1. Applying the selection to segment 14-47, what residues are under 17 Å from Glu110 (Cβ atoms) and surrounded by fewer than 13 Cβ atoms within 10 Å (Cβ to Cβ)?
2. Among the residues of segment 18-49, count how many are more than 23 Å from Tyr99 (Cα to Cα) and in contact (Cβ under 8 Å) with a residue 24 or more places away in the chain.
3. Go over the candidates Val14, Val100 one by one and state the one that is within 13 Å of the chain's Cα centre (by Cα) and either aromatic (Phe, Trp, Tyr) or within 17 Å of Ala119 (Cα to Cα) (or both).
4. Return the total of residues in segment 106-126 being over 15 Å from the mean Cα position of the chain (by Cα) and either among the hydrophobic types (A, V, I, L, M, F, W, C) or within 23 Å of Leu56 (Cβ to Cβ) (or both).
5. Which pairs turn up if I take residues in segment 105-120 that are closer than 9 Å to Leu83 by Cβ and look for partners that are acidic (Asp, Glu) with beta carbon separation below 8 Å, at least 6 apart in sequence or on another chain?
6. Every residue in segment 59-76 that is in contact (Cβ under 8 Å) with a residue 12 or more places away in the chain, at negative phi and not charged (D, E, K, R), please.
7. In segment 13-45, how many are of a type in the set (Gly, Ala, Ser) and within 10 Å of Phe3 (Cβ to Cβ)?
8. Suppose we filter Lys50, Lys105, Lys124, Lys79 for residues that are buried (at least 18 other Cβ atoms within 10 Å of the Cβ) and either under 18 Å from Phe3 (Cβ atoms) or basic (Lys, Arg) (or both); which single one remains?
Amino acid sequence: MEFTLDYHDGIFEVRTSGDATRQGFVDFTGAVLGHKDWRPGGLILVDHSKLNILHLTVSDIEYVSDLMGLYIERLGKAKIAFLVDSDLGYGFIRMWQTYVEIRIKWQVPEEVFRNREDAIAWLKED
């Protein structure tokens, strides 16, 4: 799994590609939260539109959900917009959202989008 991370206009934008891996999720989350400009409550756009998630298992999604529990304090009141380009991608994010809400009592606002402009507009809403 590869990713790029850019920070512009107050938004941390992660673009993932290749085959999804547990370590890839660990790596890009660490890159965002370790960025010199990161502050709890930041805005994050995660573009998974080029990510191959076909081989992810329920166990993988649980792992990634539990990973977020380690970063609750560092995230603060962050907002996360996910960008996907398929029903499968949408379903993956919805499953992840369900797990984080149940398993770690997730309170971070997040939404799933198919359009980058809509995702950015949502992130910038107060």
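A short reminder: the numbers here are calculations on the coordinates, not readings from a lab. Just so it is clear, the model here is predicted, and its values are computed rather than measured. Glycine gets a Cβ as well: all are built from the backbone with ideal geometry, and neighbour counts include every protein chain shown.
1. Listed by number, the list holds a single entry, Gly41.
2. Number of matching residues: 5.
3. Details: Val100 fails: either aromatic (Phe, Trp, Tyr) or within 17 Å of Ala119 (Cα to Cα) (or both).
Sole residue among the options that is within 13 Å of the chain's Cα centre (by Cα) and either aromatic (Phe, Trp, Tyr) or within 17 Å of Ala119 (Cα to Cα) (or both): Val14.
4. The number of residues fulfilling the criteria is 1.
5. Arg114/Asp85; Arg116/Asp47; Ala119/Glu111
6. Answer for segment 59-76, where residues must be in contact (Cβ under 8 Å) with a residue 12 or more places away in the chain, at negative phi and not charged (D, E, K, R): Ile61, Tyr63, Val64, Ser65, Leu67, Met68, Gly69, Tyr71, Ile72, Leu75.
7. Total satisfying the criteria: 4.
8. None of the other options fit; the residue is Lys79.
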